[in-house]
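Enquirer: Right, I'll just put the structure down here and ask away after.
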Amino acid sequence: MCLFYIAMELKRVQELTQIPEMLTQIETMRFLYPNLSVEKYETYLSQMVPHNYIQIAVFENEICLGITGCWSATKLWTGKYLEIDNFVVNPKHRSKGIGKLLTDYIEQKALALDCSTIVLDVFT
């Protein structure tokens with residue numbers, strides 16, 4: 001587990017790599033998917049984690065303020081890339097820089113993995 005502490009603040013950015021620790025943050029994920037059941041979430045995660053899926057979360061004390069999934073892979077058009085998946089910030093904590101903490105961490109992660117591109121698919 002990798003921790004990235006923000007200087008002078010009580011927020012921390014943490015990588016979640018194990019399914020049990022991801023499941024504990026389901027309430028934050030439910031801001032995006034309100035009807036997501038624990039059973040379905042665990043099933044999906046068990047299919048995704050073996051394919052390099054991790055989550056990155058921002059915490060203040062023990063409260064998850066925002067979370068995103070990401071995974072790395074390789075495609076012919078770009079080479080190695082990092083894909084952002086399910087980017088969620090708790091509505092009570094929006095416009096407080098949580099999204100920037102997540103994207104800054106993702107950028108550093110992509111550089112560390114030697115990725116040429118960061119990808120984000122968006123839907124409504």
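Enquirer: Could you please rank Leu82, Leu32, placing first whichever residue has the fewest other Cβ atoms within 10 Å of its Cβ?
Expert: Leu32, Leu82
Enquirer: Over the range 3-120, calculate the relative contact order: mean separation of alpha carbon pairs under 8 Å at least 6 apart, over the residue count, as a percent.
Expert: Rounded, it is 24 percent for the range 3-120.
Enquirer: Another question about this same structure. In the structure displayed, which of Lys11/Lys75; Lys80/Lys100; Lys40/Lys96 lie more than 28 Å apart, Cα to Cα?
Expert: Checking Cα-Cα distances, Lys11/Lys75; Lys40/Lys96 exceed 28 Å.
Enquirer: Run through the range 30-105 and list the GluC sites (Glu not before Pro) located in a DSSP loop whose Cβ has at most 13 other Cβ atoms within 10 Å.
Expert: Taking the range 30-105 and a limit of 13 other Cβ atoms within 10 Å, the loop GluC sites (Glu not before Pro) found are Glu62.
Enquirer: I need the phi-derived Karplus couplings for the range 102-116: 6.51 cos²θ - 1.76 cosθ + 1.60, θ = phi - 60°, integer Hz, Gly and Pro marked x.
Expert: Karplus-based 3J(HN,Hα) across the range 102-116 equals 5, 5, 4, 5, 4, 4, 5, 4, 4, 5, 5, 8, 6, 7, 8 Hz.
Enquirer: Now for a separate question. Evaluate the distance, in nm, between pseudo-label points positioned 7 Å from the Cα of Ser46 and of Ser116 along their respective Cα→Cβ axes.
Expert: Reported label-point gap for Ser46 and Ser116 is 3.7 nm.
Enquirer: Please identify, among Lys80, Lys100, Lys92, the residue showing maximal mean-square fluctuation in a Gaussian network model of the chain using a 10 angstrom Cα cutoff.
Expert: Maximum among the listed residues: Lys92.
Enquirer: Which chymotrypsin sites (Phe, Trp or Tyr not before Pro) from the range 1-102 combine a DSSP loop assignment with at most 13 other Cβ atoms within 10 Å?
Expert: Listed in order of number, the matching sites are Trp77.
Every read-out reported here was derived from the displayed coordinates using simple, explicitly stated rules and does not represent laboratory data. None of these values were measured; they are calculated from a predicted model. Because the Cβ atoms are built from the backbone with ideal geometry, glycine has one as well, and the counts that use them run over all protein chains shown.
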